[in-house]
Amino acid sequence: MFKGAITAIVTPFKNGQFDETAYRELIEFQVEGGIHGIVPCGTTGESATLSHAEHKRVVETCIDQVKKRVVVIAGTGSNNTAESVELTQHAEAAGADAALMITPYYNKPTQEGLYQHYKTVASNTRIPIVVYNVPSRTSVNLLPETVARLTDFPAIKGIKEATGDLKQCAKVLQLCGDKITVLSGDDFTVLPLLAVGGQGVISVVSNVAPGDMAGMCNAFFAGDLAKARGLHYKMWPLMEAMFFETNPTPAKTALKMMGKITGEVRQPLCLMSSANEDKLRQVMQKYGLIK
């Protein structure tokens with residue numbers, strides 16, 4: 001179920017409101033580009049600043065537009081366990097294929113607290129769950145030993161590893177074997193993670209270049225390492241550019257340059273500085289995504 005390039009898709013806004021028309025068009029751009037899956041309402045989708053009503057509408061819109069053509073992994077994580085249960089139950093009822101659950105942020109739970117958090121959600125839903133570990137955003141690191149404990153729950157099917165630490169990713173793979181699917185949460189580490197047993201990526205770069213990210217994964221699994229490596233280095237400037245400022249601001253700015261969305265972000269995020277926007281435009285032009 002979880003294999004290849006999966007886009008952590010942005011949530012477009014227009015005059016401060018969810019732009020459903022643009023969102024549906026973005027999804028078509030992704031599917032037509034050959035992407036293997038889509039994550040609505042991940043952190044790249046600005047889930048932290050969506051109301052519950054907006055969150056549910058965005059998930060439902062994605063599922064409706066995708067129409068089972070690719071996997072939909074709905075973001076349902078929160079730093080409130082009860083809220084995580086509610087959002088995960090909604091994703092299940094709406095027809096998502098799986099749920100992506102970030103580790104609780106700000107609270108800084110212990111490893112036991114993290115275990116109990118996921119245990120509670122997994123015990124109250126039946127949908128497959130992909131755990132999301134991104135210490136740079138949450139201030140907690142879900143350790144490999146805790147991930148291994150979580151594999152005792154049938155609902156825990158995967159992990160999005162965004163530590164940028166290949167040693168930790170390899171330790172998860174060593175401890176868990178085929179009990180869990182490991183996906184990269186950092187575009188920079190996709191290819192090396194595939195080489196040690198990872199199955200794909202939940203990507204930011206694929207918002208603007210779905211064909212290349214999907215193509216790299218396809219090439220790797222087909223045994224064409226030269227092609228995969230070539231695409232890895234082709235996308236490298238985009239990987240850097242998508243983090244000139246805090247994600248998803250550069251991705252949304254890039255999509256605005258491509259004429260796909262307004263580029264609006266919600267506070268406390270703000271528009272890119274003019275200097276960084278100029279740098280981003282140069283990367284986009286050199287890549288051939290804009291003129």
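Coordinate-derived values only; no laboratory data. The structure presented is a predicted model; accordingly, all values stated were derived computationally and were not measured. Glycine gets a Cβ as well: all are built from the backbone with ideal geometry, and neighbour counts include every protein chain shown.
Odds and ends about this structure:
- Relative contact order (%) - region 1-121, alpha-carbon pairs under 8 angstrom, separation at least six: 23
- Unit charges at the beta carbon, dipole of region 4-224: most positive-side option, A91, P128, Q30: P128
- Looking at the chain alone, DSSP beta bridges between its own residues are antiparallel in about 5 percent of cases.
- Computed on the chain, with alpha-carbon pairs under 8 angstrom and 6+ residues apart, the relative contact order is 19 percent.
- Counting only DSSP H runs of at least 4 residues, each contributing -39500 (n - 2.57), and dividing by the residue count of the chain, the helix-based mean residue ellipticity at 222 nm comes to -14000 deg cm²/dmol.
- Computed from point charges on the beta carbon alone (+1 for Lys and Arg, -1 for Asp and Glu), the dipole magnitude for the chain about its Cα centre is near 380 Debye.
- Residues whose amide H falls under 5 Å from that of F13, counting only those 5 or more places apart or on a different chain, are D19, T262, G263, E264, with hydrogens built in the peptide plane.
- Under Karplus coefficients 6.51, -1.76 and 1.60, residue-wise ³J(HN,Hα) of region 166-171 in Hz, glycine/proline x: 5, 5, 5, 4, 5, 5
- Likely footprinting exposure, D187, D64, D178, fewest C-beta neighbours within 10 Å first: D178, D64, D187
- Mean projected area (nm²) of the alpha-carbon convex hull when the chain is viewed from all directions: 13.6
- Choice from N79, N15, N141 with maximal GNM fluctuation in the chain (Cα, 10 Å cutoff): N15
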